[in-house]
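Q: Can you keep this structure in mind? I'll have questions shortly.
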Amino acid sequence: MKIHEHQARDLLASFKIPVPPGRMIESIHHAADAFRAAAEGSTTGEVVIKAQVHAGGRGKAGFVKIVKNVDEATAAASFMLTHRMKSPQTPPEGLEVKKVLVAQAAPIARRPAGGSEEFYLAITTDRKSRRNILIASREGGVEIEQVAHDRPDAIIKVPLHPLLGLQDFAAREVAFRLGFRGRQVSQAIHIMKSLSRLFIEKDCTLAEINPLILTPPDEQHPDGQVMAIDAKFSFDENGLFRHPEIESLADHSEENQAEARAHRFGLSYIALDGQIGCLVNGAGLAMATMDIIKLEGQKYLESRGKSGTAPIEPANFLDVGGSASEEAVTEAFSIILSDSRVKGILVNIFGGIMKCDVIAQGIINAARGFKNKDGSTGFKVPLVVRLEGTNVEAGRKLLQDAKGSLPTLQAATDLSDAARKVVAAVAG
């Protein structure tokens with residue numbers, strides 16, 4: 001689960017991590033008041049307006065603007081709230097902006113050698129070492145993936161102790177390597193340790209500050225102030241039952257609607273870019289099914305001298321689980337077929353807890369109840385079914401008896417046979 005930047009700032013502040021004051025608005029009419037509140041106490045008088053969407057690339061897309069007066073603030077908010085944001089991280093049609101953050105623009109100190117005092121700081125889980133890890137860099141305010149690719153030596157990685165978390169000596173070493181000096185060191189250590197505690201206590205999968213900045217010296221902070229001006233958080237959905245205060249922050253309008261719909265029925269669904277819809281019971285079997293579709297798709301194209309054409313790939317990951325109801329199975333088909341890119345469906349069921357006759361009845365019900373855009377009912381795309389396991393004969397008989405309502409159905413003897421049949425049907 002992700003949250004918006006304005007929510008991430010509030011979360012950082014609750015853990016005593018300094019952030020500039022700001023306010024989230026949803027209406028152009030509130031832009032003037034929000035600007036005045038943010039500009040109050042500012043040393044520069046500048047305010048930043050930032051679109052609140054679950055996607056990066058906002059600055060390059062024109063959805064982060066520095067403004068200096070009420071008119072500029074109103075114009076910026078008006079533009080963002082009435083235009084869809086398009087960036088490399090959004091769908092082609094872009095994302096609707098429903099909220100903007102109006103915040104005080106913090107001044108950033110300059111480095112003696114040139115450039116701004118901007119840093120990257122994050123905590124996530126390193127799957128290779130199976131430990132939580134602190135990632136830091138002096139190259140903040142930019143895409144960290146590009147920095148890691150071009151200059152891997154600019155990335156600092158420190159594993160967290162499994163029981164003690166980020167220890168003082170490790171945080172101090174990172175602060176020095178980032179170039180902090182004097183009172184800046186203790187500020188940086190406090191932020192790193194607080195971020196580590198936040199990461200653990202809130203069951204995060206990612207806690208990122210980008211950029212972390214150093215402000216110019218002033219009377220209150222003779223060495224400058226270390227503070228966060230942008231943040232991104234992701235949370236482990238399996239741990240949300242422990243954190244109702246975090247779960248309440250979810251913005252369901254930002255989620256993939258098909259994935260959200262699947263979640264309500266206890267289905268694990270992830271949309272992909274292929275043409276073959278998959279309905280499988282079990283995550284491991286679902287991944288194996290996706291792999292074999294890609295394999296047989298590649299073989300099919302190569303055998304016909306079409307290896308340079310668009311690949312034939314799975315359109316989704318969908319695990320109905322081990323005990324899905326007939327209603328959930330019917331809903332699963334409806335979700336798959338709501339994707340206009342789906343040109344065929346492969347059902348791969350190994351009946352253990354999940355009984356093959358339940359799946360078969362779900363297929364029949366989905367076929368009879370599914371409404372096409374032209375008003376007709378029934379599947380129009382090829383449907384290949386491979387059943388094996390508990391009540392398999394009963395399931396096969398149900399499908400055979402319902403053949404009249406399933407004209408696109410093909411039975412498969414095994415997984416390879418199923419993949420070959422659905423690939424041929426889609427490609428043909």
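Computed from the coordinates by the stated procedures, all read-outs in this text should not be read as laboratory data. Model, not experiment: these values are computed from the prediction. When we count neighbours, we look across all protein chains shown, and the Cβ atoms used for this are built from the backbone with ideal geometry, even at glycine.
Q: About the Cα centre of region 1-73, what is the dipole size in debye to 20, counting +1 per Lys and Arg Cβ and -1 per Asp and Glu Cβ, all else neutral? Kindly include the intermediate steps, with their values, before the conclusion.
A: On the way: 10 positive and 8 negative charges, 64 e Å.
Here the size comes out at about 300 debye.
Q: Under a point-charge model restricted to the Cβ atoms of Lys and Arg (+1) and Asp and Glu (-1), what is the dipole moment magnitude of region 91-181 relative to its Cα centre, in debye to the nearest 20?
A: 340
Q: Let me ask you something else. Pick out, from His161, Gly22, Val385, the residue whose Cα sits farthest towards the positive end of the charge dipole of the chain, with +1 on the Cβ of Lys and Arg and -1 on the Cβ of Asp and Glu.
A: Result: Val385.
Q: When the dipole is taken about the Cα centre of the chain, and only Lys, Arg (+1) and Asp, Glu (-1) are charged at their Cβ, what size is it in debye, to the nearest 20? Can you show the working numbers first?
A: Numbers: 51 positive and 52 negative charges, 139 e Å.
Here the size comes out at about 660 debye.
Q: Follow-up question, since we're still on this one. Would you indicate which of [x] -0.33, -1.21; [y] -0.29, -1.04; [z] -0.47, -1.11 is the value of log10 I(q)/I(0) by the Debye sum over Cα atoms at q = 0.07, 0.13 Å⁻¹ derived from the coordinates of this structure?
A: [z]
Q: Counting Lys +1, Arg +1, Asp -1, Glu -1, what net charge surrounds Glu208 among other residues with beta carbon under 10 Å of its beta carbon?
A: Charge balance near Glu208 sits at 0.
Q: Please identify which residues in region 157-189 have an amide N closer than 13 Å to a label point set 7 Å out from the Cα of Ala109, following the Cα→Cβ vector.
A: 176, 178-188
Q: Between the helical axis of 326-337 and the dominant principal axis of the chain, each derived from Cα atoms, what acute angle in degrees is found, rounded to the nearest 10?
A: 70
Q: Quick one: what are the phi-derived ³J(HN,Hα) couplings along region 258-273, Karplus 6.51/-1.76/1.60 with θ = phi - 60°, whole Hz, x for glycine and proline?
A: Running phi through 6.51 cos²θ - 1.76 cosθ + 1.60 with θ = phi - 60° gives 5, 5, 5, 4, 5, 4, 5, 9, x, 9, 9, 10, 9, 6, 10, 10 Hz.
Q: Right, here's the next one. Running a GNM on the chain with Cα contacts under 10 Å, which residue among Ala283, Ala73, Ala55 ends up with the highest mean-square fluctuation?
A: Looking only at Ala283, Ala73, Ala55, the largest GNM fluctuation is found for Ala283.
Q: Region 130-186: which trypsin sites (Lys or Arg not before Pro) are DSSP loop and have at most 15 other beta-carbon atoms within 10 angstrom?
A: Answer by residue number: Arg130, Arg181.
Q: Taking every DSSP beta bridge that has both residues in the chain, what percent is antiparallel when rounded to the nearest 5?
A: Beta bridges within the chain, antiparallel portion: roughly 75 percent.
Q: Which whole-number percent is the relative contact order of the chain (Cα, under 8 Å, 6+ apart)? Working shown, then result.
A: On the way: 842 pairs, mean separation 49.7, N = 428.
Worked out over the chain, it gives 12 percent.
Q: If a/c stays under 1.5 just call it rounded; otherwise compare a/b with b/c (prolate if a/b is bigger, oblate if not). Do that for region 209-346, with a ≥ b ≥ c from the square roots of the Cα gyration tensor eigenvalues.
A: oblate
Q: What is the angle, in °, between the Cα long axis of helix 70-82 and the longest principal axis of the Cα atoms in the chain? Nearest 10 is fine, range 0 to 90.
A: That helix lies at roughly 10 degrees to the long axis.
Q: If you take every residue apart from Glu247 with its C-beta less than 12 Å away from the C-beta of Glu247, what net charge results, scoring Lys and Arg +1 and Asp and Glu -1?
A: The answer is -3.
Q: Rounded if a/c is under 1.5, else prolate if a/b beats b/c, else oblate: with a ≥ b ≥ c from the C-alpha gyration tensor eigenvalues square-rooted, which is region 114-190?
A: Oblate, because a/c is 1.5 or more while a/b does not exceed b/c.
Q: Related question: Got the relative contact order for region 118-252 handy, in percent, Cα pairs under 8 Å and 6 or more residues apart? Walk me through the intermediate numbers first.
A: On the way: 225 pairs, mean separation 32.0, N = 135.
Result for region 118-252 is 24 percent.
Q: Quick check on the chain: helices-only [θ] at 222 nm, where DSSP H runs of length 4 and up contribute -39,500 (n - 2.57) each and the sum goes over total residues. Nearest 500, please.
A: Using -39500 (n - 2.57) per qualifying helix, the result is -11000 deg cm²/dmol.
Q: Right, here's the next one. Take the alpha carbon gyration tensor of region 256-427, find the square roots of its eigenvalues, order them as a ≥ b ≥ c, and report rounded if a/c is under 1.5; if not, report prolate when a/b exceeds b/c, else oblate.
A: In terms of gyration-tensor shape, rounded.
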